[in-house]
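What follows is one structure encoded as structure tokens, with my remarks underneath.
The values are calculated or read from the model by the stated rules, or taken from the named source; none is laboratory data. These numbers were taken from a predicted model, which means no experiment stands behind them. Counting neighbours? That spans all protein chains shown, and the Cβs are built from the backbone with ideal geometry, glycine included. Note: areas computed on protein heavy atoms with side chains; ligands, DNA, RNA excluded. Shrake-Rupley method; radii C 1.70, N 1.55, O 1.52, S 1.80 Å.
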Amino acid sequence: MEFPRPIRILLVEDSRDQAVFFQAALGKAFKHAHRIDLAESLGQCFELLADSRYDLVVLDLGLPESQGLETLNTFFRVMGPSNPVIVLTANSSEGIGESSIRSGAIDFLTKGEFGADQLARAVRYGLERWRQRMALDEAQRNLKSFAHVAAHDLKSPVNSIGVYAHLLKQKALSREADSEELEFLGLIENFTDQAEKLVDSLLHFSVLGEKAVNLTAVDVERLTRQAVSNLTARVEEDGATVEIENLPKVQADEGLLIHVLQNLISNGIKYHGDARPHIKVSGRQLAGEVEISVTDNGRGIDPKYFNRIFEPFKRLTGREDPEGVGLGLAICNRVIEAHHGRIWVESEIGVGSVFKFTLPSPPDGSETIDAESDPVFSHEAKTAVNN
Ligand code: ADP
């Protein structure tokens, strides 16, 4: 990695001996010009970061004011996710290094188990990994804003085409136009309707990721009833029944979760088989998380598509299913990912499908968590989508 200037490293370490060792080891093996500043506590670290920019923070997890993962979590809570952090741990056996990576650190080193060469390597690769992560974030942001602008600018002309197609049809009807003319106008209306849905879904998809997830303890049972009520037209049109079992509470963003429920229930009805659609929403409490299942008796899905259907614009249906743009499950996937849950499908052709997802349980005794202060969620922030 090319750096045009000396690399600035902030070492957060309360042991003078360790700090001296670190400086000496890095000086020996890391050939790029660098400067190391030392903070002996988290408080001092925040003061230095408020005044200057550093290319890398090396954070000892055992500090006077906090220990273990709590140190890293506090760091991200206060500073946000915009600093690359290598963690120094005292003990390699407790999986704390791996947990640190999951929490956002770019690497970890176990004290007493690394020498000058390993340290130089970790710093070099850590900086490169960080550069790649930033480049990827930037590319994703550009793509999202491109999709957003394109969808936003298409919305108005597409709506206008729909309005004028409708007016033309009314005029044609009033002068008893021939059936082919009426058929063509009807087709224009249908396709415009389809284009409007695509543009709306694209807009919703592109804004996912821009706002913080607002986490509260959510009553999923009540929310599912709300989702079904929002789908009344679809339920009545297809003569569907929706059964809702007792559902445990989850820690989630209510505005996002209702769209997941609506998408899954609506798909269960939309992709029905020969039988009248029957959807069941059930849930079970697992350790620290809840698993929600949306079961249907629909046409089923071939196992070879189990993963692909969660990708944007992946549809399995053809012309006989004009509705849908292939973004519903991609949106569900993003929303569940933003909550650090999992979503998957189990299905059998001709029998039906079960879409399952997991969400964290609410923390004991706490009804709400401020998402802005949660480093994991604030840096994978998502916003509400509407149908
Ligand atoms: P859309 O419904 O707009 O096509 P989705 O992302 O919601 O997009 O679904 C992707 C594809 O997965 C659908 O086109 C459909 O073929 C399939 N699918 C989704 N849900 C079901 C279901 N409950 N039963 C059968 N197939 C489904």
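Among the residues of segment 104-150, just one is more than 30 Å from K28 (Cβ to Cβ) and touching a Phe, Trp or Tyr at 6+ places or on another chain (Cβ under 8 Å), namely A147. The condition (being touching a helix residue (DSSP H, G or I) at 6+ places or on another chain (Cβ under 9 Å) and either modelled with pLDDT under 90 or part of a helix (DSSP H, G or I) (or both)) is satisfied by just one residue among K197, K169: K169.
Quick grid of which residues meet (1) surrounded by fewer than 22 Cβ atoms within 10 Å (Cβ to Cβ); (2) free of Cβ contacts under 8 Å to residues at least 24 places away in the same chain; (3) assigned to a helix (DSSP H, G or I):
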site	(1), (2), (3)
L256	no, no, yes
V260	no, no, yes
I265	no, no, yes
I269	no, no, yes
H272	yes, no, no
I279	no, no, no
S282	yes, no, no
A287	yes, yes, no
I292	no, no, no
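Take L185 and tell me if it is touching a His at 6+ places or on another chain (Cβ under 7 Å) and either among the hydrophobic types (A, V, I, L, M, F, W, C) or part of a strand (DSSP E or B) (or both). Taking the combined requirement at face value, the residue does not satisfy it. The single condition from (1) in contact (Cβ under 8 Å) with a residue 24 or more places away in the chain; (2) more than 15 Å from G126 (Cβ to Cβ); (3) buried (at least 16 other Cβ atoms within 10 Å of the Cβ) that F21 fails is (1).
Evaluate segment 299-309: report whether one residue or more is in contact with a strand residue (DSSP E or B) (Cβ under 9 Å, 6 or more places away or on another chain), near the ligand (Cβ under 8 Å from one of its atoms) and farther than 25 Å from L208 by Cβ. Yes - at least one qualifying residue is present in segment 299-309.
Restricting the first member to segment 79-101 and to residues that are modelled with pLDDT under 85, and the second to residues that are of a type in the set (S, T, Y) and open to solvent by 10 Å² or more (accessible area, probe 1.4 Å), the beta-carbon pairs closer than 6 Å and six or more apart or on different chains are S92/T110. Put simply, of N190, N214 the only residue that is in a helix (DSSP H, G or I) and of a type in the set (S, T, N, Q) is N190.
Condition test on L119, is it open to solvent by less than 80 Å² (accessible area, probe 1.4 Å), under 30 Å from N73 (Cα atoms), not in a strand (DSSP E or B) and not hydroxyl-bearing (S, T, Y)? Yes, satisfied. Filtered by the rule that a residue be touching a residue at least 12 places away in the same chain (Cβ under 8 Å) and touching a helix residue (DSSP H, G or I) at 6+ places or on another chain (Cβ under 8 Å), segment 172-194 gives A172, L182, L185, G186, I188, E189, T192, D193.
Does D153 satisfy the criteria of being acidic (D, E), closer than 18 Å to Q18 by Cβ and open to solvent by 30 Å² or more (accessible area, probe 1.4 Å)? When the stated conditions are applied, D153 does not pass them.
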